[in-house]
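> Okay, here's the structure, questions in a sec.
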Amino acid sequence: MALAFTFLSVLIYPAAIIMIVYFAVNGTKKGHSMSREAMIALILLSATVSGLVGLTFLPNKILGIESNALNFGIRIAIGVVLIIIGVIMKSKIQRNFILVLGLILIFLQSSYVFENFGSYGALIVVTMAFFALIIATVLLTRKHSNG
Amino acid sequence: MGRGVKIVLSIAIALIFPTMIGLLVFLVFPDNKNIPEPKYPQYTEISDYCNGYNSRNYSSRYSYDSDCITNREKNLQAEYNEKLKEYKKQKNSASINRINASLIAVIIGFIIAIFLTGFSPLSVGITGGSTILLMTTTGLLSGFSENINGFTIGLYLGCFAILIYLLFRLDSMFPEPDPILDTSTNNSSPEQTEAKKSEASSIYPTPASIKMPNEKPSPSKDIK
């Protein structure tokens with residue numbers, strides 16, 4: 001977890017400044033006034049970090065749950081709820097953001113699966129990913145053939 | 001205000017805001033340097049306790065009460081570990097207080113950004129500054145992940161809630177400007193603006209200039 005925090009801070013600190021410059025210049029070239037994109041990028045960046053930290057530690061530090069398995073389950077549940085909310089959303093930015101946040105939250109839990117279940121955990125994660133890919137491929141192909 | 005000036009101003013605000021908050025927090029919440037660090041138990045003290053003489057006395061070293069020394073060493077070691085734990089906790093509490101104060105500043109920064117509607121350098125700068133402060137705070141938190149308490153996580157969740165609100169109200173608070181007729185970003189003269197307007201009317205025809213399919217040709221063409 002500490003490594004993830006450090007990685008986030010080291011990577012995102014210069015990225016924030018680069019984003020301000022890039023979007024400010026690009027946005028004004030397109031004719032946008034002092035860059036709506038910069039605001040959106042900064043808000044999304046901050047919301048991702050604060051959301052990930054807040055939601056990851058929510059079961060343990062606020063709800064006071066000590067059990068590793070229960071923590072893991074609640075985090076997965078929050079991730080799934082976020083994905084469902086994201087699918088329901090109509091606006092493109094909010095939908096994509098909430099979807100990605102939910103996916104990252106679930107993805108971050110893979111370390112707990114490996115720790116608790118070892119190689120079986122790896123097998124569970126890979127099998128789930130495999131079936132998710134198959135279902136997604138089948139659904140997309142069916143939609144394509146109908147359309 | 002020119003484009004370059006706006007960019008420089010927003011970056012300057014984005015850099016100065018976290019620096020200012022950082023300095024303020026460091027001054028208000030001093031590091032606990034006055035807390036004495038616990039001393040590791042010394043072997044001479046243990047031997048003094050058990051035998052009543054100094055172990056550095058080479059000639060008497062074989063007369064130790066080994067059980068007494070072992071027990072005393074265990075007790076002192078446990079006491080030292082407890083003191084060390086408490087010392088680290090007290091030391092970390094100062095840092096956690098600083099992190100909490102910075103997070104409150106981040107929340108205030110984003111609330112200010114909510115009220116500053118419009119893409120001024122101030123709104124972009126304050127949002128950027130709050131973002132940088134949030135990242136720095138999260139980075140600092142990595143060193144104290146064992147000591148994170150519910151209040152800190154509550155602040156993160158509060159920050160997240162404000163940002164989600166900001167995201168959902170983005171269109172109403174920061175409406176997308178007209179890409180063609182927007183004159184707020186450049187220093188174009190009224191003539192240039194008129195030229196842009198005529199260019200816009202050629203791309204997007206006005207109702208008067210639109211010809212209907214069944215419309216009769218104009219008289220000028222009949223004369224020809």
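> With every protein chain in place, what's the accessible area of B:Arg169 (1.4 Å probe, Å², nearest 10)?
It works out to around 100 Å².
> Quick check on my link table: of B:Lys39/B:Lys74; A:Lys92/B:Lys6; A:Lys61/B:Lys74; B:Lys39/B:Lys91; A:Lys61/B:Lys39; A:Lys61/A:Lys92, which ones sit more than 23 Å apart, alpha carbon to alpha carbon?
Table pairs above 23 Å Cα-Cα are A:Lys92/B:Lys6; A:Lys61/B:Lys74; A:Lys61/B:Lys39; A:Lys61/A:Lys92.
> Report the gain in length on full extension from B:Arg169 to B:Leu27: 0.36 nm times residue separation, minus Cα-Cα distance, nm rounded to one decimal.
Once the chain is fully extended between B:Arg169 and B:Leu27, it gains 47.5 nm.
> Given a Förster distance of 45 Å, report the FRET efficiency between A:Thr137 and B:Tyr87 from their Cβ-Cβ distance, rounded to the nearest 0.05.
On the way: r = 57 Å, r/R0 = 1.28.
The pair A:Thr137/B:Tyr87 has a calculated efficiency of 0.20.
> To continue, here is another question. Could you work out the relative contact order of the range B:77-165? I mean the mean sequence separation of Cα pairs under 8 Å and 6+ apart, divided by the number of residues, in percent. Mind showing how you got there, number by number?
Numbers: 57 pairs, mean separation 35.0, N = 89.
Across the range B:77-165, relative contact order equals 39 percent.
> Before anything else, pin down the relative contact order of the range A:52-99: Cα pairs under 8 Å, at least 6 apart, normalised by residue count, whole percent.
Over the range A:52-99, the number comes to 26 percent.
The values are calculated or read from the model by the stated rules, or taken from the named source; none is laboratory data. For clarity, every value in this text was computed on a predicted model and none was experimentally measured. Backbone-built Cβ (ideal geometry, glycine too); neighbour counts: all protein chains shown. Keep in mind that these areas ignore ligands, DNA and RNA; they rest on the heavy atoms of the full protein, side chains included. Shrake-Rupley method; radii C 1.70, N 1.55, O 1.52, S 1.80 Å.
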